[in-house]
Amino acid sequence: MDTPNALGTDSRSAKKIDQMAEVKQFTIDELQDLKLIHSGMGESKEIKAFRDLRTRLISFSGGKSFSCLVVAAQAGGSHVAANLAAAIALDKSKTSILVDCNLYAPSVDSYMPGGASLGLTDYIDDDTLSGEDIIHGTGINRMRAVPVGSNCEGGTEKLMSSRMKSFLDEAANRYPDRFLVVDAPSISDYEADVRILADICDFVLLVIPYGRISAPQLATTIEKIGKTRLAGVVFNEC
């Protein structure tokens, strides 16, 4: 089991996180419709898989908070990214932020029942905004989200901007209990964007559709990301 001390937090920090203001929480039915894991699932295969993934990534990071880029070889990355963020938030000593960098097929808005007027591209375009201005509550305790924003034109250039790197640095380093899960577009469709994001995140989690990619295709995909950036591979059946 992950403990607060493993991340350099203390009981006061854990209490503060547990008491964070939240928006209206999703019901069990809503969570199931969104295909999100939740504490009411008991010891189901799904929740055990994502808890194990969370534990492995925290171990990979040496017990420190991290920014993890979730990249799909073809499809399914957003599902894994959202559930990884939800799994981190299940621990009352941690918070997660799901950052939507899939500018071409955004999905994070689905997890924000309170909506949002500002997002990532707004922050990149407007240097008067702070990182906290675009971090919004979700329907899950201790999980926050950053939507793509209002202007995705020139998406690749936005992702390679200094403002993009500055946001990830600020969001990841401000609190030791905060974990960033960055949802990227599929590498098969947007290789340039994935390479940019991989360079500014701590590491990469690659999502592979189970039974639909050959060993040579997998090796080529890993080579594109870079083995030194890769934390692991997830085979997704969804």
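A Cβ distance below 6 Å, combined with a sequence gap of six or more or placement on separate chains, defines the contacts here; from the stretch 179-198, residues that are in contact (Cβ under 8 Å) with a residue 24 or more places away in the chain and over 25 Å from Ala86 (Cβ atoms) reach residues that are open to solvent by 10 Å² or more (accessible area, probe 1.4 Å) and not charged (D, E, K, R) in the pairs Ser188/Gln74; Ala192/Thr156; Ile196/Met160.
Within the option set Ser110, Ser117, being at pLDDT below 95, in a loop (DSSP other than H, G, I, E, B) and surrounded by fewer than 24 Cβ atoms within 10 Å (Cβ to Cβ) holds for one residue only, Ser117.
Which residue, of Ile222, Ile213, Ile208, is over 21 Å from Ile58 (Cβ atoms), assigned to a loop (DSSP other than H, G, I, E, B) and modelled with pLDDT under 95? So the residue among Ile222, Ile213, Ile208 that is over 21 Å from Ile58 (Cβ atoms), assigned to a loop (DSSP other than H, G, I, E, B) and modelled with pLDDT under 95 is Ile213. Restricting to the stretch 30-47, what's the tally of residues that are farther than 18 Å from Lys94 by Cβ, part of a helix (DSSP H, G or I) and open to solvent by 50 Å² or more (accessible area, probe 1.4 Å)? Number of matching residues: 7.
Residue by residue through the stretch 126-151, note down the ones that are in contact with a Leu (Cβ under 6 Å, 6 or more places away or on another chain) and more than 14 Å from Pro106 (Cβ to Cβ).
If the condition is that a residue be in contact with a Leu (Cβ under 6 Å, 6 or more places away or on another chain) and more than 14 Å from Pro106 (Cβ to Cβ), then Asp133 is the only one that fits.
Filtering the stretch 209-232 to residues that are closer than 25 Å to Met160 by Cα and either surrounded by 16 or more Cβ atoms within 10 Å (Cβ to Cβ) or not polar (S, T, N, Q) (or both) leaves Thr221, Ile222, Glu223, Lys224, Ile225, Gly226, Lys227, Arg229, Leu230, Ala231, Gly232.
For the stretch 90-115, which positions are in contact with a Phe, Trp or Tyr (Cβ under 9 Å, 6 or more places away or on another chain) and either farther than 12 Å from Val181 by Cβ or not basic (Lys, Arg) (or both)?
Residues of the stretch 90-115 in contact with a Phe, Trp or Tyr (Cβ under 9 Å, 6 or more places away or on another chain): 90, 94-99, 102-104, 111, 113.
Listed by number, the residues that qualify are Leu90, Thr95, Ser96, Ile97, Leu98, Val99, Asn102, Leu103, Tyr104, Tyr111, Pro113.
Going through Asp169, Asp199, Asp183, Asp193 one at a time, which residue ends up being among the charged types (D, E, K, R) and within 27 Å of Glu46 (Cα to Cα)? Going through Asp169, Asp199, Asp183, Asp193 in turn, just one is among the charged types (D, E, K, R) and within 27 Å of Glu46 (Cα to Cα): Asp183.
Of the residues that make up the stretch 132-139, is at least one free of Cβ contacts under 8 Å to residues at least 12 places away in the same chain and open to solvent by 30 Å² or more (accessible area, probe 1.4 Å)? Checked the stretch 132-139: at least one residue is free of Cβ contacts under 8 Å to residues at least 12 places away in the same chain and open to solvent by 30 Å² or more (accessible area, probe 1.4 Å). The residues of the stretch 74-124 that are within 24 Å of Ser161 (Cα to Cα) and aromatic (Phe, Trp, Tyr), listed by number, are Tyr104, Tyr123. Against the conditions (1) surrounded by fewer than 21 Cβ atoms within 10 Å (Cβ to Cβ); (2) under 16 Å from the mean Cα position of the chain (by Cα), Asn83 satisfies every one except (1). Number of residues in the stretch 68-107 that are within 13 Å of Asp193 (Cβ to Cβ), of a type in the set (Gly, Ala, Ser) and assigned to a loop (DSSP other than H, G, I, E, B) equals 1. As for the stretch 51-58, it holds at least one residue that is among the charged types (D, E, K, R) and surrounded by 15 or more Cβ atoms within 10 Å (Cβ to Cβ). Filtered by the rule that a residue be in a helix (DSSP H, G or I) and surrounded by fewer than 17 Cβ atoms within 10 Å (Cβ to Cβ), the stretch 164-194 gives Lys165, Ser166, Asp169, Glu170, Asn173, Glu191, Ala192.
The values are calculated or read from the model by the stated rules, or taken from the named source; none is laboratory data. Fair warning: this is a prediction, and the values are worked out from it, not measured in the lab. Every residue, glycine as well, gets a Cβ built from its backbone with ideal geometry; the counts of neighbours run over all protein chains shown. For the accessible areas, the whole protein counts, side chains as well, though only heavy atoms, and no ligand, DNA or RNA atoms are used. Shrake-Rupley method; radii C 1.70, N 1.55, O 1.52, S 1.80 Å.
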